[in-house]
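Heads up, the thing below is written out as C-alpha cells.
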Amino acid sequence: MTATAFAPATEERLALARQVADAVLFEGYVLYPYRASAAKNRLRWQFGVLVPPAWGAECEEYDFQHTECLMEPKPGASLSVEVRFLHARRRTVQRVLPDGDFETVPELHLDDRVLVPWDEGAEERVELVAPVGQLLGDGVDLPFRKPAVEDTEPVLDGAGRTVGRLVRRSAEVSGVVRLSARELDGPYRTMRLTAVVENTTPWTPPEDSAADRDAALPHSLVATHLLMALDTGSFLSMTDPPEWAKGAVAACRNLHTWPVLAGEPGRADLVLSSPIILEDHPAIAPESLGALYDATEIDEILALRTAALTDEEKREARGTDARAAAVIDLADSMPAEVLERLHGAVRGLREITGESDGFPDEFAVQRPETPWWDPASDAGFDPEHDRAMVDGRPVGKGSRVELRPGLRHTDAQDLFLQGRTATVEAVLHDVDGTVHLAVTVDGDPGADIRREQGRYLYFQPDEVVALEDPR
C-alpha cells in the first residue's frame, strides 16, 4: 500500500476538521508562562505520545493507538486516512567565536529575546486512500518513515551581524498504519473499521547511560491522531449511536484514543480519532483569536496573565519558541474590546414568550406573572411537588428514572451514568424556565449524604426515561 493524494472534495472537507485537529496537535505544546525555564515546561508533551517499542516496554507509555468505529459505506466507497503527529526537533544554541567558529552555550542574549535550548515540534502527515473493499479480510498496511534531519539557522543582532546560530536535529522515526474492516451481522450494511497506528522506530536506550523519557522523545510520534473520511457513506456516532447500533458500539475497542464525528455539523462522513476526549463535531470557539497552547487555562485568564509578564520574562518566552513568541505578541496587541469578548458569550437567544430552548412546553414548569428577580416569585414553585412530563408521564419527587445523558454532553462525567437508574429528589427550574431533575443514583452509598446536603446530580427531562408512575 502506498500513500495517495486526496481528491479535492476530500481535501476541502478535511480543511475544516484540521482546525480542531491542530488544537489537538498542539495541546499543551508550551505552557504559561511560556518560558523554557518554567518547571511546568520541563516535562514536554503529555497527549498521544507513541514511544519506540523498546522504550514502551520499560515505561507506562505506549507504542500504538487502536481505533475502532462503525461505518456505513456505499458500494464502491473509498476511505481517506490522514495520520498527524509532531516530530521533535532538538534545538541547541551556539554563539560565534572570534575565529568564526561556534560553541554551544546555555543561552544567547539578544535585544528582544533570550535564545535557549528547546525541543520544537515539526508537523508530520501520512496520507493514504484505500477502497473500502480492500480493507476486508487482512486489510492494508502502510509503513512510513521520516528521516533524520539537521539544519542550522544564523542568529543576527540588531545591526545584522552574525552572533550565533541555532542547530536543529531530528532523529529518524518510522511507523505503520494498519487498516481493516469487517461486516457486522444484521439487516444493516454496517462495518467495523479498525485503524491502528504503531511506532516501529528501532531505537533502543543506550546501555551505558541512564536514558529517560527525554531521550526517547526524538524517536516518538507526538500528539498522534487520525482523520478518516468516506467519499460516499457515513460513520455512526460512537458517543450517541442509534439504538440498534449500541451493542456494536459497545463492542468496539478504542485504546489510547477516541473517535468522534468531525467536520461540518450535520454531516457524518468524517471522523477525528483523538487522544483527547472530545464531543461529536468539536469546533473552535469563534471568540478565539489564536492558539494559546496551554492545556489548563481559559483564554481570558491566559491573555491577562501573559500581558502582565515582565519585559525580561517576555524576552525569554520569545526566545523559547516561535509559537510562544506569537502568544506574547498576541497578548500585547489585543484591543480591550477583543479581550472583553473572551469574558463570556451567549450561544443562543429566544423570545421570552417562546418555547424553552426548543423543547416541548410540557417540559417546563409554568412561570407566574411575578418577575424571577422578585422574591415573591418563589411562591410559584415547589420542588417537592412540581412535576415535569417525560414521555407523556408526570415525573416528580420519588419517581424512578433511567439516565440517558448524551444529547448535549454538558459533562463528560455524566456519560459514566448511561443506563443507570436513579430517584428524582426534586423538580427545579432556572431563570430561563428550563427544567432540571435533581436525582440520586440508585445504589450510591452516599445518597443519604447527598440528600442531607442537597447536593444532587442534575438532568433535563429529555435525558431520562420514566420507569414507573410517580408516587
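Some notes on this structure:
- Contact order for the stretch 109-175, expressed relative to its length and based on alpha carbon pairs under 8 Å spaced 6+ residues apart, stands at 29 percent.
- Net charge contributed by nearby residues that have their C-beta within less than 10 Å of residue 456 (K/R +1, D/E -1): +2
- With the gyration tensor restricted to C-alpha atoms of the chain, the semi-axes of the equivalent ellipsoid amount to 47, 32, 20 Å, longest first.
- Based on C-alpha pairs under 8 angstrom that are at least 6 apart in sequence, the stretch 76-135 has a relative contact order of 50 percent.
- Accessible area expressed per residue, the chain, with surrounding protein chains retained (probe 1.4 Å, Å²): 51
- Per residue, the average separation of C-alpha pairs within less than 8 Å and at least 6 apart gives the chain a relative contact order of 17 percent.
- Reachable lysines, given that their alpha-carbon falls under 19 Å from the alpha-carbon of residue 314 and they are not under 8 places away in the same chain: 40
- Built amide H within the under 5 Å cut-off of residue 429, gap 5+: 436
- Under the Karplus curve 6.51 cos²θ - 1.76 cosθ + 1.60, θ = phi - 60°, whole-Hz ³J(HN,Hα) for the stretch 36-42, x wherever Gly or Pro sits: 4, 6, 5, 4, 6, 9, 8
- Summarising the amide proton neighbourhood of residue 119: residues at separation of 5 or more, or on other chains, whose placed amide H is nearer than 5 Å comprise 91.
- Value at 222 nm in deg cm²/dmol, rounded to 500, when DSSP H runs of n ≥ 4 in the chain each add -39,500 (n - 2.57): -4500 deg cm²/dmol
- About its Cα centre, the stretch 219-319 has a charge dipole of approximately 380 debye under the convention of +1 per Lys or Arg Cβ and -1 per Asp or Glu Cβ, with nothing else charged.
- C-alpha long axis of helix 8-25 to longest principal axis of the chain, angle in °: 90
- Degrees between helix 311-320 axis and first principal axis of the chain (Cα, 0 to 90, nearest 10): 80
- This model, with +1 at the C-beta of Lys and Arg and -1 at the C-beta of Asp and Glu, gives the chain a dipole about its Cα centre of some 1000 debye.
- Derived scalar couplings ³J(HN,Hα) [the stretch 140-151; Karplus, 6.51 cos²θ - 1.76 cosθ + 1.60; whole Hz; x for Gly, Pro]: 10, 10, 10, x, 9, 9, 10, x, 5, 9, 9, 9
- Peptides 101-113, 324-336 ordered by average Cβ neighbours within 10 Å, highest first: 324-336, 101-113
- Each residue of the stretch 446-461 is assigned a 3J(HN,Hα), and the resulting list reads x, 4, 4, 5, 4, 5, 5, 8, x, 10, 10, 9, 10, 9, 8, x Hz, derived from the Karplus form 6.51 cos²θ - 1.76 cosθ + 1.60 (θ = phi - 60°), x at Gly and Pro.
- Relative to the longest principal axis of the Cα atoms of the chain, the long axis of helix 322-333 makes an angle of roughly 60 degrees.
- Accessible area of the chain belonging to carbon and sulfur atoms, whole % at 1.4 Å probe: 52
- The charge dipole of the stretch 69-159, taken about the Cα centre with unit charges on the Cβ atoms of Lys, Arg (+1) and Asp, Glu (-1), comes to about 500 debye, rounded to the nearest 20.
- Annotation: amide H-H contacts under 5 Å for residue 237 (H modelled 1.01 Å from N, sequence separation of 5 or more, or interchain): none.
- Those chymotrypsin sites (Phe, Trp or Tyr not before Pro) in the stretch 171-265 that DSSP places in a loop and that have at most 16 other beta carbons within 10 Å: 188
- Of 445, 206, 254, farthest towards positive along the dipole that unit charges on Lys, Arg, Asp, Glu beta carbons give the chain: 206
The values are calculated or read from the model by the stated rules, or taken from the named source; none is laboratory data. Computed from a prediction, not measured in an experiment: that's the story for all the values here. Here the Cβ is made from the backbone with ideal geometry for all residues, glycine too, and neighbour counts use every protein chain on show. Surface areas here come from the heavy atoms of the whole protein model, side chains and all, with no ligands, DNA or RNA. Shrake-Rupley method; radii C 1.70, N 1.55, O 1.52, S 1.80 Å.
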